[in-house]
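Q: Pasting in a structure now, in structure tokens, and then I'll have a few things to ask.
The values are calculated or read from the model by the stated rules, or taken from the named source; none is laboratory data. Everything numeric here is computed off the predicted structure, so don't read it as measured data. All Cβ positions, even for glycine, are placed from backbone atoms using ideal geometry, and neighbour counts span all protein chains on display. What goes into the accessible areas is simple: the full protein's heavy atoms, side chains included, and nothing from ligands, DNA or RNA. Shrake-Rupley method; radii C 1.70, N 1.55, O 1.52, S 1.80 Å.
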Amino acid sequence: NERWTAAVAARARAAGVSVEAELGRLAGEEDGLSVDERDARMTDPAIVAAFLARTRVDALAVTVGNVHGAYASRDPDLDWARLDAVRAAAGDVPLVLHGASGLSQRVISRAISAGVCKFNVNTELRAAARAAYAEGGDVLAAAERATSAMAGVVEAKLLAFDAGS
């Protein structure tokens, strides 16, 4: 993972493209891939600084109890001490939280205070699109409804993320 990530980051940097790397392994399901909870791995703060120095990525996605897909609760018990330790080890590198769909404002605000700058909310976007397409009708009209529904999710998330900062 580290060698491959460093090679990708070098090629991307040469082309003026930024790279985000995930250190750890998220539980959950996304894009047809499934990772059982027992196979998930939390980001180890002890290896963050070395990983970032060797790969030179522009952002680091962390695994601190977050999951791809739906949470059992809007207030999952994320490992805040681990996130704080990762933030300290990462220096100025922006942190990312994959699996942020459905999180409460309290969790979002706490993550922002720990240095998370980007949240991925793919599950909520897909749910909005699926609901719009489920209404049926003309394909173009359904696509317009889906686009509008996803835009509504994005707008709500931007306001939530702004309120948390």
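Q: Give segment 1-12 a look and list any residue that's open to solvent by 90 Å² or more (accessible area, probe 1.4 Å) and either in a helix (DSSP H, G or I) or among the basic types (K, R) (or both), or say none. Break it down into steps so the answer makes sense when it comes.
A: First pass over segment 1-12, keeping only residues open to solvent by 90 Å² or more (accessible area, probe 1.4 Å): 1, 3-4, 11.
Selection gives R3, W4, R11.
Q: Restricting the first residue to segment 41-56 and requiring it to be over 14 Å from P94 (Cα atoms), which pairs with a second residue that is open to solvent by 70 Å² or more (accessible area, probe 1.4 Å) and modelled with pLDDT under 95 meet a Cβ separation below 7 Å and a spacing of at least six or different chains?
A: Close Cβ pairs (under 7 Å, with a partner that is open to solvent by 70 Å² or more (accessible area, probe 1.4 Å) and modelled with pLDDT under 95) amount to R41/R25.
Q: Something else about it: Which members of segment 47-103 meet the condition of being within 24 Å of V8 (Cβ to Cβ), part of a loop (DSSP other than H, G, I, E, B) and basic (K, R)?
A: Hit for segment 47-103 is R56, nothing else.
Q: Only residues that are under 11 Å from T5 (Cα atoms) and surrounded by 21 or more Cβ atoms within 10 Å (Cβ to Cβ): list them for segment 53-67, please.
A: T55, V57
Q: Given the criterion under 20 Å from N66 (Cα atoms) and open to solvent by 40 Å² or more (accessible area, probe 1.4 Å), identify the matching residue among R106, R145, R130. Working first, answer last.
A: Numbers: R145 fails: under 20 Å from N66 (Cα atoms); R130 fails: under 20 Å from N66 (Cα atoms).
Result of the check over R106, R145, R130: R106.
Q: Moving on. Might you check whether a residue that is β-branched (V, I, T), at pLDDT 85 or above and surrounded by 15 or more Cβ atoms within 10 Å (Cβ to Cβ) occurs anywhere in segment 27-44? Give the derivation first.
A: Going residue by residue through segment 27-44, those that are β-branched (V, I, T) are 35, 43.
Narrowing further to those that are at pLDDT 85 or above: 43.
Right, trim to surrounded by 15 or more Cβ atoms within 10 Å (Cβ to Cβ) and you get 43.
Yes.
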